[in-house]
Amino acid sequence: MTGGIAFRLTAVCTEDLASGGGGTISVGTAATVAGVIAVTNAVDIDVGELWFAAAPATVLDTLGNAELEFAIGDGADIQANVLVGDITDGTIVFNLVWWPLTDNGNAVPA
């Protein structure tokens with residue numbers, strides 16, 4: 001990210017997450033690792049589920065719950081963070097819709 005942006009994030013699991021030893025995952029920035037989605041046990045996130053909170057993930061919910069809205073003012077990157085153990089398999093698709101809040105506000109995939 002550069003500058004300030006506002007964004008909506010939706011995370012959908014398309015392949016069960018697997019962990020050999022209690023792997024956990026969150027979404028946030030380097031300074032706030034769980035600022036967007038709280039720390040979650042990886043094996044609790046299953047195919048077809050919307051992931052937006054620590055538990056439980058669900059296949060049906062309101063946009064108000066499933067589509068997370070935030071603003072970043074300092075150009076910090078949004079990242080998934082594996083915090084404990086390893087995640088050995090699985091896929092989460094992250095969909096980001098954003099708009100600039102400053103003249104240099106931009107979102108670019110890393």
Report summary line: Within region 16-29, residues touching an Asp or Glu at 6+ places or on another chain (Cβ under 7 Å) and either among the aromatic types (Phe, Trp, Tyr) or surrounded by fewer than 18 Cβ atoms within 10 Å (Cβ to Cβ) (or both) come out as ASP16, ALA18, GLY20, GLY21
Query raised in the report: Counting just the residues of region 30-44 that are touching a residue at least 40 places away in the same chain (Cβ under 8 Å) and surrounded by 15 or more Cβ atoms within 10 Å (Cβ to Cβ), which one comes out farthest from the chain's Cα centre (by Cα)?
Result: ALA42
Query raised in the report: When you go through GLY85, GLY90 one by one, which is the residue that is surrounded by 15 or more Cβ atoms within 10 Å (Cβ to Cβ), assigned to a loop (DSSP other than H, G, I, E, B) and either at pLDDT below 95 or not polar (S, T, N, Q) (or both)?
Result: GLY85
Report summary line: Being under 13 Å from the mean Cα position of the chain (by Cα), under 18 Å from ASN95 (Cα atoms), modelled with pLDDT of 95 or more and surrounded by 15 or more Cβ atoms within 10 Å (Cβ to Cβ) narrows ALA11, ALA57, ALA53, ALA66 down to just ALA11
Report task. Output the residue which, of all residues in region 35-50 that are in contact with a Ser or Thr (Cβ under 9 Å, 6 or more places away or on another chain) and assigned to a loop (DSSP other than H, G, I, E, B), is farthest from PRO100 (Cα to Cα). Result -> VAL47
Requested in this report: Please name all residue pairs, on different chains or six or more residues apart, with Cβ atoms under 9 Å, provided the first residue is in region 11-26 and is under 10 Å from ALA42 (Cα atoms) and the second residue is basic (Lys, Arg) and in a strand (DSSP E or B).
Outcome: none
Query raised in the report: Given the structure, is LEU96 under 14 Å from MET1 (Cβ atoms), surrounded by 13 or more Cβ atoms within 10 Å (Cβ to Cβ) and of a type outside the set (Asp, Glu)?
Result: yes
Report task. Could you check how many residues of region 51-69 are in contact (Cβ under 8 Å) with a residue 40 or more places away in the chain, of a type in the set (Asp, Glu) and part of a loop (DSSP other than H, G, I, E, B)? Result -> 1
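The values are calculated or read from the model by the stated rules, or taken from the named source; none is laboratory data. Here the structure is a predicted model, which means the values were calculated and not measured. Cβ sites come from the backbone with ideal geometry, for glycine too, and all protein chains shown count toward neighbours.
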